[in-house]
Amino acid sequence: MEKYLEILNYTIYGAAILLLLIGLYGALTKKSLIKIVLGLSIMDSGVHLLMIAIGYLKNGTAPIFSPGHENEMSKMVDPVPQALVLTAIVIGFGVTAVALALVIRLYKHHNTLRIDEIKNLKW
Amino acid sequence: MVGTPVLFIVIPLLAAFIIPLTGMVWKNSIRIIPGIVLSYMLVLSVSLLWHITETGTVVEVIAGWKPPIGINLVFSPFSGFLATLMIFLGLLVWAYSYKFKRSIDSEPALKYFILLMLLVTGSVGIVLTGDIFNMFVFIEIVGISGYGLTSFYTRRDSAEAAFKYLFMGSIASTFLLLAIMIIYSQLGTLNIAEIADKMPMMDNKLKVISLIFFILAIGIEAEVFPLNGWAPDVYTQAPGPIGAAFAGIVVKSAIYASVRLVYTMFDLSGALDLFMILGLFTFIIAESTALRQERLKRMLAYSSIGQMGLVMIAFGIGTKEGVFAALFLIFNHAIIKSLLFFSGSYLVYNKKNKYIKHVNGMGKYLPITSVLFTIGAFAIIGLPPFAGFWSKLAILSAAADSKMIVLIAVILIVSILEAVYYLRVINRIYFFPKKESTEAQKPTINALIAMISLGIIIIVIGFYPDLITGILDRAATDLMDKTGYIKDILTINN
């Protein structure tokens with residue numbers, strides 16, 4: 001029983017990698033531009049989940065040194081990945097916004113969202 | 001006047017946000033402020049580059065958090081040289097496009113200059129930062145402003161090129177984050193110097209995996225062979241001067257990042273061979289593809305990719321001579337390819353599709369631009385009185401010192417291909433009759449100033465290579481000195 005619980009601790013990593021692969025699959029195989037942007041966004045979320053999972057500690061406390069709790073450093077959740085993921089989420093949001101703006105431009109220009117019909121340049 | 005490295009990031013970023021405000025009061029300020037900012041940065045970086053020859057590397061601690069905890073900026077001979085080169089090119093791109101979109105209203109020009117400032121900020125940031133996550137942030141700044149600049153013209157197929165670039169770019173950023181997290185989970189640090197210091201403790205398999213993710217991510221930005229599908233379209237669709245900015249600024253920063261990884265962070269001996277193989281593939285395939293191009297800008301783009309392959313080969317040799325040759329190639333490629341993009345844009349100005357045949361007979365109608373293009377072409381082929389000759393010589397002698405005879409043969413054979421497609425264009429410029437329908441566009445004064453100053457630099461370096469070799473030599477020594485880099489950063493106590 002203990003062993004199976006051990007595995008459960010790693011499910012979050014599995015979920016993160018699964019999200020990453022789903023996103024990559026969507027971005028590479030779908031024909032609709034919107035779905036490609038969705039795929040890229042899902043892929044980003046997968047990495048963000050992985051980052052959080054790396055810093056997470058079961059039953060951990062907030063990384064604040066307060067009086068009476070000076071020696072609990074080993075119990076603290078690592079704050080660095082959370083700071084990083086905040087930055088990464090903002091960047092991912094920006095990139096998604098730019099991507100959608102480009103999709104609108106492409107739609108106005110070609111009147112279609114299917115990527116195989118937009119091929120003025122060599123793909 | 002000696003500034004601190006943080007000014008190189010703060011000032012252009014501030015300018016990018018201030019331009020729209022001042023533009024509401026005085027319209028011309030959106031064109032003038034970037035120039036003032038970039039010239040100030042150039043003065044700062046040249047004086048700082050001068051300063052560090054006496055005092056050694058300058059390390060700036062941000063917000064009082066000493067490395068390895070806080071973010072630090074490093075102005076070493078190597079990163080300082082690249083930063084100075086980028087700022088100089090940024091200034092020239094500004095000078096070239098000073099009158100950009102003058103005839104229309106101010107809004108497109110406003111966006112153009114904001115994005116240009118952000119592009120310079122991001123690239124200089126990549127070069128100066130000593131923190132790997134910070135580097136990721138700067139790569140994203142470069143990426144987003146690059147997408148914006150690529151899709152600048154609404155009437156061309158630019159949105160298509162920009163979407164392609166964005167697609168590759170966001171996959172690259174995902175891989176980069178993955179690689180950074182693998183390293184962080186193993187070593188518990190994001191500081192490049194500390195990662196380099198602790199790298200022997202890391203498991204070899206994870207080391208290889210993270211290196212592969214890094215090379216995949218940065219290879220996309222650095223136009224390495226199988227990952228460079230976006231580059232020719234971006235160069236073709238973006239405004240003319242932005243092609244020069246990509247070739248001279250963006251790609252250089254990506255090359256810096258990959259070199260910093262392989263030379264400083266990772267201690268894998270096979271990494272240099274990987275560099276060499278990727279470089280060879282890129283060089284051979286890009287140059288032979290350039291031979292088949294019918295559009296001028298696409299040809300220049302493939303030539304640019306090929307030159308980056310040559311730079312990677314030179315870094316892959318791994319000796320100090322090799323690094324010296326690579327830096328010389330970086331310098332030459334930056335000034336020569338910018339000149340080619342600048343003058344080439346005028347040769348095919350306002351032509352739909354920008355075919356090479358549009359340059360027919362331009363030698364008579366645009367004499368100065370044609371001569372400058374010819375200087376650039378001769379220099380990049382590596383003919384003797386120009387700057388390009390010395391860098392080709394440097395890489396060949398570096399290869400000869402390392403007993404890589406096959407490499408010399410490959411470089412020379414591919415250089416012939418290069419000569420063929422450049423001389424073909426020059427032949428058309430001077431010896432083909434001009435078509436009646438094509439109309440020549442005279443370059444503006446500021447564009448002429450930018451082009452002529454580049455041409456003068458190419459010729460002066462060609463006659464007096466000693467002017468630049470001292471700086472390059474110090475930069476090469478600095479890059480090879482890994483323990484010095486670690487010591488400089490981790491023992492800082494100001």
Tabulated pairs, the range A:96-111, first more than 8 Å from every other protein chain (Cβ to nearest Cβ) and within 14 Å of residue B:165 (Cα to Cα), second surrounded by 15 or more Cβ atoms within 10 Å (Cβ to Cβ) and among the acidic types (Asp, Glu), C-beta under 9 angstrom, 6+ apart or interchain: A:96/A:44
Meets criteria (part of a helix (DSSP H, G or I), surrounded by 18 or more Cβ atoms within 10 Å (Cβ to Cβ) and either free of Cβ contacts under 8 Å to residues at least 60 places away in the same chain or more than 10 Å from chain B (Cβ to nearest Cβ) (or both)) for residue A:47: yes
Test: residue in the range B:72-84 that is at pLDDT below 80 and aliphatic (A, V, I, L, M): no
Residue under evaluation residue A:31, criteria (1) in contact (Cβ under 8 Å) with a residue 12 or more places away in the chain; (2) under 20 Å from residue B:178 (Cβ atoms), criterion not met: (2)
Yes/no for residue A:25 being within 13 Å of residue B:171 (Cβ to Cβ), away from every other protein chain (no Cβ under 12 Å) and not small (Gly, Ala, Ser): yes
Condition check for residue B:162: within 14 Å of another protein chain (Cβ to nearest Cβ), surrounded by 22 or more Cβ atoms within 10 Å (Cβ to Cβ) and in contact with a helix residue (DSSP H, G or I) (Cβ under 8 Å, 6 or more places away or on another chain): yes
Residue ranges of helices (runs of 4 or more DSSP H) in the range B:345-417 with at least 3 members closer than 14 Å to residue B:333 by Cα and of a type outside the set (Ser, Thr, Tyr): B:367-381, B:387-401
Hey, residue A:54 within 14 Å of another protein chain (Cβ to nearest Cβ), part of a helix (DSSP H, G or I) and at pLDDT below 90 or not: yes
Residues of the range A:1-23 classified as farther than 19 Å from residue A:98 by Cα, part of a helix (DSSP H, G or I) and touching a residue at least 12 places away in the same chain (Cβ under 8 Å), total: 10
Residue under evaluation residue B:8, criteria (1) at pLDDT below 85; (2) closer than 30 Å to residue B:484 by Cα, criterion not met: (1)
Per-region count, the range B:139-163, residues part of a helix (DSSP H, G or I) and in contact (Cβ under 8 Å) with a residue 40 or more places away in the chain: 10
Sole residue being under 30 Å from residue B:199 (Cα atoms) and under 16 Å from the mean Cα position of the chain (by Cα), chosen from B:234, B:250: B:250
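The values are calculated or read from the model by the stated rules, or taken from the named source; none is laboratory data. Everything numeric in this text was worked out from a predicted model, so none of it was measured. Counting neighbours? That spans all protein chains shown, and the Cβs are built from the backbone with ideal geometry, glycine included.
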